[in-house]
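Here is the structure we will look at.
The values are calculated or read from the model by the stated rules, or taken from the named source; none is laboratory data. All of these numbers come straight from a predicted model, not from anything done at the bench. Counting neighbours? That spans all protein chains shown, and the Cβs are built from the backbone with ideal geometry, glycine included.
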Amino acid sequence: MLRNTDMKYGSMSKFFHWLVFLLVLTLILVGFFWEDTGTIKGTVINTHKLIGLLTLTIVILRLLWTLNNPKPQIPNAKRLEKVVEHTVHGLIYLALFGMPLSGWLMVTAAGRPPHLFGQALPMPGIAQDKALAGLAADVHLVLAWTLIVLVSLHVLAALKHHFIDKDIVLKRMWPGKHT
Ligand code: HEM
Ligand code: HEM
(Lines give C-alpha, C1' and ligand atoms only; values in the text may rest on other atoms or scores of the structure.)
(Ligands and ions follow the chains in the order given, each with its own letter.)
Protein backbone atom coordinates (compact mmCIF):
# COMPACT_ATOMS: atom_id res chain seq x y z
CA MET A 1 0.00 0.00 0.00
CA LEU A 2 1.75 3.12 -1.29
CA ARG A 3 -0.69 5.78 -0.10
CA ASN A 4 -1.81 6.65 3.44
CA THR A 5 -5.29 5.90 4.74
CA ASP A 6 -7.13 7.67 7.57
CA MET A 7 -5.64 5.15 10.00
CA LYS A 8 -2.27 4.07 8.52
CA TYR A 9 0.86 5.40 6.87
CA GLY A 10 1.52 3.96 3.38
CA SER A 11 4.98 2.69 2.40
CA MET A 12 5.88 5.94 0.61
CA SER A 13 5.36 8.07 3.75
CA LYS A 14 7.33 5.56 5.83
CA PHE A 15 10.13 5.53 3.27
CA PHE A 16 10.32 9.34 3.28
CA HIS A 17 10.17 9.51 7.11
CA TRP A 18 13.06 7.10 7.71
CA LEU A 19 15.15 8.33 4.79
CA VAL A 20 14.96 11.91 6.11
CA PHE A 21 15.73 10.62 9.63
CA LEU A 22 18.96 8.94 8.38
CA LEU A 23 19.99 11.96 6.29
CA VAL A 24 19.36 14.45 9.12
CA LEU A 25 21.16 12.27 11.68
CA THR A 26 24.22 12.07 9.37
CA LEU A 27 24.11 15.81 8.62
CA ILE A 28 23.94 16.75 12.31
CA LEU A 29 26.86 14.48 13.24
CA VAL A 30 28.98 15.62 10.28
CA GLY A 31 27.97 19.27 10.89
CA PHE A 32 29.30 19.19 14.45
CA PHE A 33 32.39 17.02 13.89
CA TRP A 34 33.67 17.78 10.35
CA GLU A 35 36.52 19.92 11.69
CA ASP A 36 37.97 16.87 13.51
CA THR A 37 38.39 14.89 10.27
CA GLY A 38 41.94 16.13 9.55
CA THR A 39 43.19 16.16 5.96
CA ILE A 40 39.84 15.14 4.45
CA LYS A 41 37.81 17.84 6.18
CA GLY A 42 37.37 19.84 2.94
CA THR A 43 35.78 16.82 1.27
CA VAL A 44 33.73 16.04 4.38
CA ILE A 45 32.16 19.51 4.62
CA ASN A 46 31.54 19.61 0.85
CA THR A 47 29.73 16.27 1.18
CA HIS A 48 27.67 17.79 4.04
CA LYS A 49 26.67 20.64 1.72
CA LEU A 50 25.70 18.26 -1.11
CA ILE A 51 23.76 15.87 1.15
CA GLY A 52 22.07 18.96 2.65
CA LEU A 53 20.88 20.02 -0.81
CA LEU A 54 19.72 16.46 -1.55
CA THR A 55 17.78 16.52 1.73
CA LEU A 56 16.10 19.81 0.73
CA THR A 57 14.92 18.17 -2.51
CA ILE A 58 13.62 15.11 -0.65
CA VAL A 59 11.84 17.25 1.97
CA ILE A 60 10.05 19.18 -0.82
CA LEU A 61 8.90 15.89 -2.42
CA ARG A 62 7.91 14.55 1.01
CA LEU A 63 5.83 17.59 1.86
CA LEU A 64 4.03 17.39 -1.50
CA TRP A 65 3.31 13.71 -0.84
CA THR A 66 2.08 14.43 2.71
CA LEU A 67 -0.21 17.25 1.55
CA ASN A 68 -1.72 14.98 -1.11
CA ASN A 69 -2.42 12.07 1.24
CA PRO A 70 -4.85 11.53 4.11
CA LYS A 71 -3.30 12.21 7.54
CA PRO A 72 -3.65 9.15 9.78
CA GLN A 73 -5.52 10.21 12.91
CA ILE A 74 -4.18 9.73 16.43
CA PRO A 75 -6.51 7.23 18.14
CA ASN A 76 -8.64 8.76 20.95
CA ALA A 77 -6.80 12.08 20.73
CA LYS A 78 -8.09 15.02 22.74
CA ARG A 79 -8.28 18.43 21.05
CA LEU A 80 -5.18 19.73 22.81
CA GLU A 81 -3.19 16.65 21.81
CA LYS A 82 -4.09 17.22 18.15
CA VAL A 83 -3.05 20.87 18.34
CA VAL A 84 0.31 19.93 19.93
CA GLU A 85 0.89 17.19 17.34
CA HIS A 86 0.17 19.50 14.39
CA THR A 87 2.27 22.30 15.87
CA VAL A 88 5.32 20.09 16.50
CA HIS A 89 5.11 18.41 13.05
CA GLY A 90 4.68 21.84 11.42
CA LEU A 91 7.69 23.27 13.28
CA ILE A 92 9.76 20.20 12.34
CA TYR A 93 8.92 20.81 8.67
CA LEU A 94 9.87 24.50 9.02
CA ALA A 95 13.23 23.50 10.53
CA LEU A 96 13.73 20.90 7.76
CA PHE A 97 13.41 23.72 5.21
CA GLY A 98 15.27 26.32 7.25
CA MET A 99 18.37 24.15 7.82
CA PRO A 100 19.36 23.56 4.18
CA LEU A 101 18.27 27.05 3.06
CA SER A 102 20.31 28.80 5.79
CA GLY A 103 23.28 26.49 5.06
CA TRP A 104 23.16 27.17 1.35
CA LEU A 105 22.78 30.92 1.93
CA MET A 106 25.70 30.92 4.42
CA VAL A 107 28.18 29.17 2.12
CA THR A 108 27.12 31.12 -1.00
CA ALA A 109 27.46 34.47 0.79
CA ALA A 110 30.82 33.30 2.19
CA GLY A 111 32.06 32.42 -1.33
CA ARG A 112 32.29 28.68 -0.50
CA PRO A 113 29.38 27.08 -2.38
CA PRO A 114 29.00 23.29 -2.69
CA HIS A 115 30.91 21.67 -5.57
CA LEU A 116 29.68 18.71 -7.60
CA PHE A 117 32.12 17.23 -10.16
CA GLY A 118 34.06 20.52 -10.21
CA GLN A 119 30.90 22.56 -10.79
CA ALA A 120 30.02 25.23 -8.18
CA LEU A 121 26.38 25.25 -7.02
CA PRO A 122 25.74 28.69 -5.44
CA MET A 123 22.30 29.78 -4.25
CA PRO A 124 20.79 31.75 -7.15
CA GLY A 125 20.75 35.54 -6.73
CA ILE A 126 23.12 35.66 -3.73
CA ALA A 127 26.34 37.69 -3.91
CA GLN A 128 29.30 37.43 -1.51
CA ASP A 129 28.45 39.25 1.71
CA LYS A 130 30.32 38.62 4.96
CA ALA A 131 27.58 39.99 7.25
CA LEU A 132 24.89 37.91 5.52
CA ALA A 133 27.09 34.80 5.78
CA GLY A 134 27.50 35.41 9.52
CA LEU A 135 23.78 35.88 10.02
CA ALA A 136 22.94 32.71 8.06
CA ALA A 137 25.55 30.79 10.10
CA ASP A 138 23.83 31.90 13.32
CA VAL A 139 20.45 30.79 11.92
CA HIS A 140 21.95 27.41 10.87
CA LEU A 141 23.27 26.79 14.39
CA VAL A 142 20.14 27.95 16.26
CA LEU A 143 17.89 25.93 13.95
CA ALA A 144 20.10 22.86 14.44
CA TRP A 145 19.47 22.98 18.20
CA THR A 146 15.78 23.78 17.65
CA LEU A 147 15.48 20.70 15.44
CA ILE A 148 17.28 18.54 18.01
CA VAL A 149 14.88 19.70 20.77
CA LEU A 150 11.78 19.23 18.57
CA VAL A 151 12.83 15.75 17.44
CA SER A 152 13.59 14.77 21.05
CA LEU A 153 10.04 15.78 22.06
CA HIS A 154 8.75 13.94 18.98
CA VAL A 155 10.58 10.72 19.96
CA LEU A 156 9.37 11.00 23.57
CA ALA A 157 5.79 11.35 22.29
CA ALA A 158 6.23 8.29 20.05
CA LEU A 159 7.57 6.27 22.99
CA LYS A 160 4.72 7.46 25.25
CA HIS A 161 2.18 6.27 22.67
CA HIS A 162 3.90 2.89 22.43
CA PHE A 163 4.70 2.10 26.06
CA ILE A 164 2.13 4.07 28.06
CA ASP A 165 -0.93 4.44 25.81
CA LYS A 166 -0.05 1.12 24.10
CA ASP A 167 -1.62 2.28 20.81
CA ILE A 168 -0.61 1.85 17.14
CA VAL A 169 1.04 5.25 16.63
CA LEU A 170 4.66 4.02 16.67
CA LYS A 171 3.88 0.66 15.04
CA ARG A 172 2.18 2.24 12.05
CA MET A 173 5.26 4.37 11.25
CA TRP A 174 7.57 1.36 11.64
CA PRO A 175 8.78 -0.24 8.36
CA GLY A 176 6.93 -3.33 7.21
CA LYS A 177 3.40 -4.57 7.85
CA HIS A 178 1.62 -4.47 11.20
CA THR A 179 -1.83 -5.34 12.39
C1 HEM B 1 18.73 19.34 6.52
C2 HEM B 1 19.87 19.89 6.17
C3 HEM B 1 21.03 20.24 7.10
C4 HEM B 1 21.24 19.91 8.42
C5 HEM B 1 20.34 19.09 9.35
C6 HEM B 1 22.52 20.52 8.80
C7 HEM B 1 23.08 20.43 10.07
C8 HEM B 1 24.23 21.06 10.47
C9 HEM B 1 24.74 21.11 11.82
C10 HEM B 1 24.08 20.46 13.04
C11 HEM B 1 25.89 21.82 11.82
C12 HEM B 1 26.78 22.15 13.04
C13 HEM B 1 26.28 23.38 13.72
C14 HEM B 1 26.64 24.65 12.98
O15 HEM B 1 27.84 24.98 12.90
O16 HEM B 1 25.72 25.30 12.44
C17 HEM B 1 26.14 22.23 10.46
C18 HEM B 1 27.23 22.96 10.03
C19 HEM B 1 27.43 23.37 8.73
N20 HEM B 1 26.56 23.23 7.68
FE21 HEM B 1 24.81 22.22 7.68
N22 HEM B 1 23.06 21.18 7.72
C23 HEM B 1 22.18 21.04 6.67
C24 HEM B 1 22.33 21.56 5.39
C25 HEM B 1 23.42 22.29 4.96
C26 HEM B 1 23.58 22.83 3.61
C27 HEM B 1 22.59 22.63 2.45
C28 HEM B 1 24.76 23.49 3.60
C29 HEM B 1 25.43 24.24 2.47
C30 HEM B 1 25.11 24.14 1.20
C31 HEM B 1 25.36 23.38 4.93
C32 HEM B 1 26.58 23.91 5.31
C33 HEM B 1 27.12 23.80 6.56
C34 HEM B 1 28.45 24.34 6.92
C35 HEM B 1 29.43 25.05 6.00
C36 HEM B 1 28.63 24.05 8.28
C37 HEM B 1 29.86 24.37 9.14
C38 HEM B 1 29.68 25.65 9.84
C39 HEM B 1 30.86 25.92 10.75
O40 HEM B 1 31.39 24.96 11.32
O41 HEM B 1 31.21 27.08 10.89
N42 HEM B 1 24.50 22.64 5.73
N43 HEM B 1 25.11 21.76 9.66
C1 HEM C 1 15.31 13.52 12.22
C2 HEM C 1 14.42 12.82 12.87
C3 HEM C 1 12.92 12.88 12.61
C4 HEM C 1 12.17 13.77 11.91
C5 HEM C 1 12.65 15.01 11.16
C6 HEM C 1 10.76 13.33 11.99
C7 HEM C 1 9.68 13.98 11.41
C8 HEM C 1 8.37 13.55 11.41
C9 HEM C 1 7.24 14.23 10.81
C10 HEM C 1 7.31 15.57 10.07
C11 HEM C 1 6.14 13.45 11.01
C12 HEM C 1 4.71 13.77 10.56
C13 HEM C 1 4.21 12.83 9.49
C14 HEM C 1 4.58 13.29 8.12
O15 HEM C 1 4.45 14.47 7.81
O16 HEM C 1 5.01 12.46 7.30
C17 HEM C 1 6.55 12.28 11.76
C18 HEM C 1 5.74 11.27 12.16
C19 HEM C 1 6.13 10.25 13.03
N20 HEM C 1 7.40 10.04 13.54
FE21 HEM C 1 9.04 11.11 13.15
N22 HEM C 1 10.71 12.18 12.76
C23 HEM C 1 12.02 11.88 13.16
C24 HEM C 1 12.40 10.81 13.95
C25 HEM C 1 11.57 9.89 14.50
C26 HEM C 1 11.96 8.80 15.38
C27 HEM C 1 13.41 8.52 15.80
C28 HEM C 1 10.81 8.12 15.72
C29 HEM C 1 10.63 6.92 16.62
C30 HEM C 1 11.12 6.75 17.78
C31 HEM C 1 9.71 8.78 15.05
C32 HEM C 1 8.38 8.40 15.11
C33 HEM C 1 7.35 8.94 14.40
C34 HEM C 1 5.99 8.43 14.43
C35 HEM C 1 5.50 7.26 15.25
C36 HEM C 1 5.23 9.25 13.58
C37 HEM C 1 3.74 9.12 13.27
C38 HEM C 1 2.92 9.99 14.16
C39 HEM C 1 1.48 9.89 13.75
O40 HEM C 1 0.95 8.79 13.74
O41 HEM C 1 0.89 10.92 13.41
N42 HEM C 1 10.20 9.85 14.32
N43 HEM C 1 7.92 12.37 12.01
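Couple of notes before you dig in:
- Just one residue in the set T43, T47, T37 is buried (at least 16 other Cβ atoms within 10 Å of the Cβ), without any contact (Cβ under 8 Å) to a residue 40 or more places away in the chain, farther than 22 Å from P75 by Cα and more than 9 Å from ligand 1 (Cβ to nearest atom); that residue is T47.
- Filter result (more than 8 Å from ligand 1 (Cβ to nearest atom) and within 30 Å of H17 (Cβ to Cβ)) within region 96-114: F97, G98, L105
- R172, sole failed condition from (1) basic (K, R); (2) out of contact with any Lys or Arg (no Cβ under 6 Å at 6 or more places or on another chain); (3) within 16 Å of ligand 2 (Cβ to nearest atom): (2)
- Pairs meeting the criteria (first residue in region 141-162 and more than 16 Å from ligand 1 (Cβ to nearest atom), second residue assigned to a helix (DSSP H, G or I), beta carbons under 8 Å, at least 6 apart or on different chains) are L153/V88; A157/E85; A157/V88; A158/M173; H162/K171.
- The one condition in (1) loosely packed, with under 12 Cβ neighbours inside 10 Å; (2) over 21 Å from the mean Cα position of the chain (by Cα); (3) in a helix (DSSP H, G or I) that G90 fails to fulfil: (2)
- For the residues V88, V149, the requirement of being farther than 24 Å from G42 by Cα, within 9 Å of ligand 2 (Cβ to nearest atom) and at pLDDT 95 or above singles out V88.
- Residues of region 56-88 that turn out to be more than 16 Å from ligand 1 (Cβ to nearest atom) and either of a type outside the set (S, T, Y) or touching a residue at least 60 places away in the same chain (Cβ under 8 Å) (or both), as a count: 23
- The single condition among (1) over 25 Å from F16 (Cβ atoms); (2) surrounded by 14 or more Cβ atoms within 10 Å (Cβ to Cβ); (3) not aliphatic (A, V, I, L, M) that K166 does not meet is (2).
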